[in-house]
Structure formats: C-alpha cells, structure tokens
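Colleague: Take a look at this one; I'll ask things after.
Please treat every number below as a calculation from the coordinates, not as lab data. These figures come from a predicted structure and were not determined experimentally. Virtual Cβ from ideal backbone geometry, glycine too; neighbours counted across all protein chains shown.
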Amino acid sequence: MEIGQKLYSHPMICERILETVIAEALNCFADSHALFAKTRDVFTARIQSYVLETKKYLEAAIIGEIGNNTFDHNFFFKNDLPTGVYCNLSYKQKYTILADYGKGIKQSLLPVLPSINSDLDAIEAAFTKRISGRFPEQRGNGLKFVSETIQQNNWHLFFQSGTGCCAIDGKGKTFFSKTPSLTGCLAILDFSGEK
C-alpha cells in the first residue's frame, strides 16, 4: 500500500474516524480522562463489565490482549503524559479505542531484536513473529492471536506505534508508515464484521 493511500477501499474504519481519533490521541484524549484505566485491575474490571453486558467473550479477549500490553511493557511513563491505557469501548457506538503513552513497539522490541531500524519494522515484527520485549519469558503470541482472530471474523483493526501502522481485516494484514508519529500505541477496532 502506498503511503498516503486510503487505508480501506470500504468504509470500515474510514479516514474521517481515523484522523479524528489520531487528533484526539495527539491531544491525550483531553476531554476523556475518565476513560483511562491507570492500573491493570481497573482495566480488567472494565473488560469484565464489558463481557457481562455484551456476552462478547472473543472481542473481550482481543481488547484484553492489546490493552494488557500497556501494563506488560510500560513500567514508566513520561511525567507530562497520561499513565495507563485509554479504553473507550463504545466510540461513536461502533468502535473500540485503546491507546497508551508508553515506550511503543519499537522501544519494547529493540533489546531482543536490535536489527529493528524503524517503527514499521517493529510493528511488522510484532504482528508476524513470535517475539516479546519481555525476554527471557516465553511470550510473544498475543498480537498474532489478535491478527488471526480479526481476520477469521472479518473484523477490523488499525494499529499505530510511532509512524509504523498495521491494518487488518478479513483480507489480511497491511503494513505502512503514517505521520504524525504517535507516542506509545493506538488501536482502533471495529467488531461489526461488515464487509
């Protein structure tokens, strides 16, 4: 996919939603601080409430896998940025938004994969290789599970860390670079399964 080309040929996560969410992320979701789960237990409680209300267990597993990475890989946050994970489970009544202002994919993976040269290399490795920044722990399948489940259910995911991006739907994965660069990680999920 060419940089600057529209992400999708259909309006699943349309450019307007994408640009609006990125603008809000660059502003640290200033009007929505109550949606930040500052600790893992608060995030877990939100996921459990989501499951009780919706009975969407597989969707909750995807949300949990992405959101828990905030707590698994970020032990320190910059003083001027929000801590924890931003978790909006009903953005515009259709999307789930997860974001953090941690070190991002590239900085998480550099200690175990020093050959990473860019945010794009890092995000591609994260979604395609069995690798974890928490070496020597035997981990690193989470984002592969996310990718496979999104594809199998024809759901939609846009994920950005730095300038590296991944778009996933029923047709597969696309990796590309996009500016502006984002601190940490941003995920936009659409579980509607629309084609």
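Colleague: In nm, to one decimal, how far is the modelled label at Gln152 from the one at Thr20, with both set 7 Å along Cα→Cβ?
Modeller: Rounded to a tenth, the inter-label distance reads 3.2 nm.
Colleague: Nearest 20 debye, what's the magnitude of the dipole of the range 58-128 about its Cα centre given +1 on Lys and Arg Cβ and -1 on Asp and Glu Cβ?
Modeller: 200
Colleague: Continuing with this model, one more query. For Glu59, what charge total do you get from the other residues with a beta carbon under 12 Å from its beta carbon, if Lys and Arg give +1 and Asp and Glu give -1?
Modeller: Net charge around Glu59: -1.
Colleague: Also, quick follow-up: Given the Cα-Cα distance of Ala30 and Val51 and 0.36 nm per residue of separation, how much length would full extension add, in nm?
Modeller: Difference between extended and current length: 4.9 nm.
Colleague: Also: Taking the mean number of other Cβ atoms within 10 Å as a proxy for protection, how do you rank 57-67, 95-105 from highest to lowest?
Modeller: Most protected by this proxy first, the peptides run 95-105, 57-67.
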